[in-house]
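What follows draws every value from the coordinates through simple rules; no lab data is involved. These numbers were taken from a predicted model, which means no experiment stands behind them. Counting neighbours? That spans all protein chains shown, and the Cβs are built from the backbone with ideal geometry, glycine included.
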Amino acid sequence: MEGSPADRNSRILPLKNSNPPRCNSHEKRILCFKPEPALGKSEKPKVSPRLASHLEKALSVTLRESWQGLWSGYRCQKGKAVAVQNQEEECGLLWQGRAMQCLIEVIDKLARTDTSVMITGETGTGKELVGREIHKRSPRRDAPFIDINCSAIPESLFEGEMFGHQRGSFTGAHETRAGLFEQAAGGTIFLDEVDSLSPGSQAKLLRVLQERHLRRVGGRENIPVDVRIISATNEDLQQAVLRKEFRADLLFRLRVFPLRIPSLRQRREELTFLAEQLLIRETRKRGLLPRRFTPEAMRILIEYDWPGNVRELENVIEFSLALGMSDVIGVEELPPDLTGRTFSPDAKAFNEFLSHRASLAEVEDYYIRAMLKELKGQQNETARVLGIDRRTLYRKLHLSE
């Protein structure tokens, strides 16, 4: 039954001049209200500051819990090897198999600590990528990550490069310079090919790791060291210690937690996935149209032993894209090392190509690619034989795609 117009336009407010009955809960107090005439258009409803504060807090908690739930689910989804784009954003590693899943779980635990890690594995397995991932997930993620190729630093320059030098400490030292350890303060030092350090360099590095401070060349001040050390090698350092080529005490300092990366042969079940995703990544980087492997070409990739691991797979894909002219990569576009085939220019095929009244640009492109195949994809050598620089060769190859 409808009420009067005044009732229909009314709002609910508490009684002003009456004593409401006692109620045992906030819900029962709703019954202690009666209609009051509606406010005019210029008036605003009155809300007590206390009620407004409670509402604001409740809304804030609800929104925060909802966001945390969504973020937790998002992170959980990103932990699965199903979305390649998410994997690249999250860690830069491509993986799908159980072996790498276990490795990622270990990386996640290691990242929470400052433990020194030694990463081992065959050449091309991605040791630096794993080191970067540990840093990226750690509390030191906002500080520098400095990777050092130990084999590229001569012993005579090791101390100055790593620990810095004072002005005038040697000929040519025109200014004071901070070393790589100082530049990485609060972050991570990645020592690649640590097995190549000379005995003298090993002794200097060990002293800094033990005392947790360094002294620049020509300096007198001890500078505190706050860095995490991650090292990498593809050698068996335990054997190097037995041969007296590597210090045992330095090995114990560096290898607090050994981390072994599986080879590509041990990840054979995910090789199809890796080849396809690396092909997508490379075509995007070059601005090419999408391409795919034929079943026969993929079978050869799966059966190959991959002594160079993921790096060799990347090189094979780059080689195939340089030679392939269609959107399909077949056996003919794979390197001879994989197929066992040898390439020689086919005069009959070339004459058949010319019979289609090919343009001068098409003939040039055919010849360039034939020469590239003949020289096994070596672009520098191909450019030299053709009498052009590599930049021109690169441009000509991509103009025709």
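Please compute, over every Cα-Cα pair in region 91-262, the percentage with a separation greater than 28 angstrom.
Numbers: 3458 of 14706 pairs.
Roughly 24 percent, rounded to a whole number.
What net charge is computed for the residues neighbouring TRP95, neighbours being all others with C-beta under 9 Å from the C-beta of TRP95, Lys and Arg scored +1, Asp and Glu -1?
Working: positive: ARG267; negative: GLU270.
Its environment carries a net charge of 0.
Which ³J(HN,Hα) values in Hz, rounded to whole numbers, follow from the phi angles of region 240-248 under the Karplus curve 6.51 cos²θ - 1.76 cosθ + 1.60, where θ = phi - 60° and Gly and Pro get x?
So the J values, rounded to whole Hz, are 5, 5, 5, 7, 6, 9, 9, 6, 5.
Of all GluC sites (Glu not before Pro) in region 183-261, which ones are in loop regions per DSSP and have a Cβ with at most 10 other Cβ atoms within 10 Å?
On the way: sites: GLU193, GLU211, GLU221, GLU235, GLU245; in loops: GLU193, GLU221, GLU235, GLU245.
For GluC sites (Glu not before Pro) across region 183-261 that sit outside H, G, I, E and B with at most 10 neighbouring Cβ atoms in 10 Å, the list reads GLU221.
Can you compute 3J(HN,Hα) from phi for each residue in region 174-184, using the Karplus curve 6.51 cos²θ - 1.76 cosθ + 1.60 with θ = phi - 60°, rounded to whole Hz and x for Gly and Pro?
Values per residue, Gly and Pro as x: 7, 8, 6, 9, 6, x, 5, 5, 5, 5, 8 Hz.
Rounded to whole Hz and in sequence order, give me ³J(HN,Hα) for region 159-164 from the Karplus expression 6.51 cos²θ - 1.76 cosθ + 1.60, θ = phi - 60°, writing x for Gly and Pro.
Coupling constants for region 159-164: 5, x, 5, 7, 10, x Hz.
Over region 91-262, what relative contact order in percent results from Cα pairs under 8 Å that are six or more residues apart? Don't skip to the answer; put the middle values down first.
Working: 292 pairs, mean separation 55.3, N = 172.
Computed over region 91-262, the figure is 32 percent.
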